[in-house]
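Heads up: the structure comes next, in structure tokens.
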Amino acid sequence: MLFSLNRKRFKDLSEQEIIALAISSEEDDARIYRGYAENLRDEFPDSAAIFEGMAAEEDGHRQRLINLHTKRFGPTIPLIRREHVSGYYARTPVWLIQNLGLDRIRAEAAAMEKSAENFYLQAAARTTDAATRKLLGDLAAAEAGHQHTADDLAATHLNEDTISKENSEAHRQFVLTWVQPGLAGLMDGSVSTLAPIFATAFATQDTWTTFLVGFAASLGAGISMGFTEAASDDGQISGRGSPIKRGLSAGIMTTLGGLGHALPYLITDFWTATIIAFVVVFIELWAIAWIQNRYMNTPFFRAAFQVVLGGALVFAVGVIIGSG
């Protein structure tokens with residue numbers, strides 16, 4: 001809070017500070033685009049070339065601003081950055097965007113260009129020097145036209161086959177890193193916890209005890225699956241992606257799969273809780289079949305038969321043991 005209060009307001013910046021802010025912002029944007037390019041280079045070399053081209057554009061803008069500053073105020077540029085100005089637009093860190101895929105990176109780049117255009121329009125309105133106003137106006141137009149630059153670069157580096165290939169690879173990586181471990185976790189959590197939960201339910205007919213057993217089984221299974229997935233493969237050779245991401249996906253979905261039919265036992269009436277748990281199990285099993293069909297190209301009815309049959313067998317084991 002104290003840091004926020006110590007920020008300068010944009011309207012209070014001098015013309016020299018506005019130019020200095022523009023210089024540091026162009027430098028940051030060029031680094032961000034090069035960061036995108038570096039992160040995409042191995043899997044999407046053509047898109048990486050586009051971001052390298054956009055970084056070069058930002059370098060050109062920065063040099064023009066430095067030349068203007070040197071001419072008007074001398075070579076010493078004040079140190080002022082985005083975080084020093086209240087209400088100034090921020091950039092999402094590269095490490096956050098890279099985890100969200102190629103489409104999100106492209107969307108973030110478009111948002112960057114739009115916010116930079118708005119900045120230059122406001123900055124141009126604040127200056128009284130004709131040469132400065134012209135340059136800032138030109139840069140606003142350049143940022144507005146940056147999408148056209150991106151389109152020109154895309155036309156150079158990307159064709160329909162390349163775009164299709166990159167999108168296909170992005171989808172494949174998403175499936176390997178997130179969907180496959182998450183699906184395995186959901187199946188394990190939904191099916192493997194059926195026996196202990198329903199065995200406890202029918203043996204005790206105590207909803208609170210059943211919930212505690214279900215909660216413990218779900219959480220324990222989630223931790224076990226998460227660590228197992230993360231430790232089983234570092235992703236370097238298999239290409240399955242970050243072990244941490246896969247471990248999180250498997251662990252969280254395992255826990256959710258078990259909790260789905262454990263939570264109804266927070267209801268104190270045994271049969272009401274059990275009937276709701278039956279319904280939840282049915283929904284979970286059909287959700288698994290849908291995910292297999294949607295992302296793994298498994299025929300829906302075959303996936304449904306396999307999942308429902310397996311779930312029914314485990315459920316029957318739990319009921320038989322609990323009723324014995």
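The values are calculated or read from the model by the stated rules, or taken from the named source; none is laboratory data. What you see is a predicted model, and the numbers here were worked out from it, not measured in a lab. No Cβ is skipped: glycine too gets one built from the backbone with ideal geometry, and neighbour counts run over all protein chains shown.
Here I244 passes the criteria (1) modelled with pLDDT under 80; (2) assigned to a helix (DSSP H, G or I); (3) within 20 Å of V179 (Cβ to Cβ) except the one numbered (1). Scanning the stretch 204-227 for residues that are over 28 Å from the mean Cα position of the chain (by Cα) and surrounded by fewer than 16 Cβ atoms within 10 Å (Cβ to Cβ) yields a total of 7.
Scanning the stretch 275-292 for residues that are of a type in the set (F, W, Y) and under 19 Å from A199 (Cα atoms) yields F278, F282. State whether the residues of the stretch 14-26 include one that is assigned by TED's automatic domain parsing to the domain that holds A130, among the polar types (S, T, N, Q), over 19 Å from K134 (Cα atoms) and free of Cβ contacts under 8 Å to residues at least 12 places away in the same chain. There is no residue in the stretch 14-26 that is assigned by TED's automatic domain parsing to the domain that holds A130, among the polar types (S, T, N, Q), over 19 Å from K134 (Cα atoms) and free of Cβ contacts under 8 Å to residues at least 12 places away in the same chain. Of all the listed residues (A230, A217), the sole one being closer than 22 Å to G322 by Cα, in a helix (DSSP H, G or I) and either assigned by TED's automatic domain parsing to the domain that holds D188 or basic (K, R) (or both) is A217. Of all residues in the stretch 5-27, those satisfying the criterion of being outside any helix (DSSP H, G or I) and modelled with pLDDT of 85 or more are L13, S14. Of all residues in the stretch 258-279, which are more than 11 Å from G214 (Cβ to Cβ) and assigned to a helix (DSSP H, G or I)? Across the stretch 258-279, the qualifying residues are F270, W271, T272, T274, I275, I276, F278, V279. Do we find a residue being touching a Lys or Arg at 6+ places or on another chain (Cβ under 9 Å) and surrounded by 16 or more Cβ atoms within 10 Å (Cβ to Cβ) anywhere in the stretch 306-318? Within the stretch 306-318, none of the residues are touching a Lys or Arg at 6+ places or on another chain (Cβ under 9 Å) and surrounded by 16 or more Cβ atoms within 10 Å (Cβ to Cβ).
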